[in-house]
Amino acid sequence: MLSVGLTSFAQNVDYTLRYNTGLSRYEVYTRPSFTQAQYNWGSTQVSVVTPSSVTDSPFTINSVAAGGWTDNSEVYNVQGSDFHGIGSNGLKVDLTSGQETLLFSFTLPGGQCVPGLRLYINGSDPNSSAAGMQGGDFANTMYSSNDILGATNLYRQNYANTGTVCTACNLVAPTLSK
């Protein structure tokens, strides 16, 4: 019994968001703390926070792994930000400890890049009872499909979540001459 408890305790996933300049899209990745082929990924939400200047409409989502992803709920212009709850009911996925897996990508309305998009920060960003949130729960989550009661949220934290950048950093070394 203790072995089962320790195994499930060690299973966590982290999320990150970045802009891919080559493909002109935002990408959301997971980085698990465990390795498992055909892991039974279950119900999940990854929430994206944008500046309020972004057009008020759902994102166009391209699902890649762990199920079909949909921009299920949006709340606009709360404390200068918009909130998008992107969810999946899950599917089996191969996971490798410490290696990123692309879950989904998305584009903003009009296809533009807006710097500063980031993932929702559980416990810090406005919760469902905050003014303007309309009761919406945007907390990041991830449950195993084997956890039918939703007792153990395997989401741990975001990494590299300081806001997306829309330009490629192309540094060129100076030319040396004699």
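For region 97-117: of the residues being outside any strand (DSSP E or B) and within 23 Å of residue 43 (Cα to Cα), which is most open to solvent (accessible area, probe 1.4 Å)?
Filtering first and then ranking leaves 99.
Here are some residues: 103, 91. Which one is touching a residue at least 60 places away in the same chain (Cβ under 8 Å) and at negative phi?
Matching residue, one of 103, 91: 103.
Residues are listed down the side, and each one gets a yes or a no for (1) touching a strand residue (DSSP E or B) at 6+ places or on another chain (Cβ under 9 Å); (2) open to solvent by less than 10 Å² (accessible area, probe 1.4 Å); (3) of a type in the set (Asp, Glu); (4) part of a loop (DSSP other than H, G, I, E, B):
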{"residue": "26", "(1), (2), (3), (4)": "yes, yes, no, no"}
{"residue": "31", "(1), (2), (3), (4)": "yes, no, no, no"}
{"residue": "37", "(1), (2), (3), (4)": "yes, no, no, no"}
{"residue": "40", "(1), (2), (3), (4)": "yes, no, no, no"}
{"residue": "43", "(1), (2), (3), (4)": "yes, no, no, no"}
{"residue": "57", "(1), (2), (3), (4)": "yes, no, no, yes"}
{"residue": "66", "(1), (2), (3), (4)": "yes, yes, no, yes"}
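If residue 162 meets every condition in (1) open to solvent by 40 Å² or more (accessible area, probe 1.4 Å); (2) over 14 Å from residue 16 (Cβ atoms) apart from one, which number is that one?
(2)
Looking only at region 118-138, which residues are surrounded by fewer than 17 Cβ atoms within 10 Å (Cβ to Cβ) and either of a type in the set (A, V, I, L, M) or at negative phi (or both)?
Those that are surrounded by fewer than 17 Cβ atoms within 10 Å (Cβ to Cβ) and either of a type in the set (A, V, I, L, M) or at negative phi (or both): 121, 124, 127, 128, 129, 130, 131, 137.
When you scan region 69-84, do you find a residue that is surrounded by fewer than 17 Cβ atoms within 10 Å (Cβ to Cβ) and assigned to a loop (DSSP other than H, G, I, E, B), even just one?
The answer is yes; a qualifying residue exists.
The values are calculated or read from the model by the stated rules, or taken from the named source; none is laboratory data. Note that the structure is a prediction, hence the values are computed from the model and not measured. Methodologically, a virtual Cβ is constructed for each residue, glycine included, from the backbone with ideal geometry; neighbour enumeration extends over all protein chains shown. All accessible areas refer to the heavy atoms of the entire protein, side chains included, with ligands and DNA or RNA removed. Shrake-Rupley method; radii C 1.70, N 1.55, O 1.52, S 1.80 Å.
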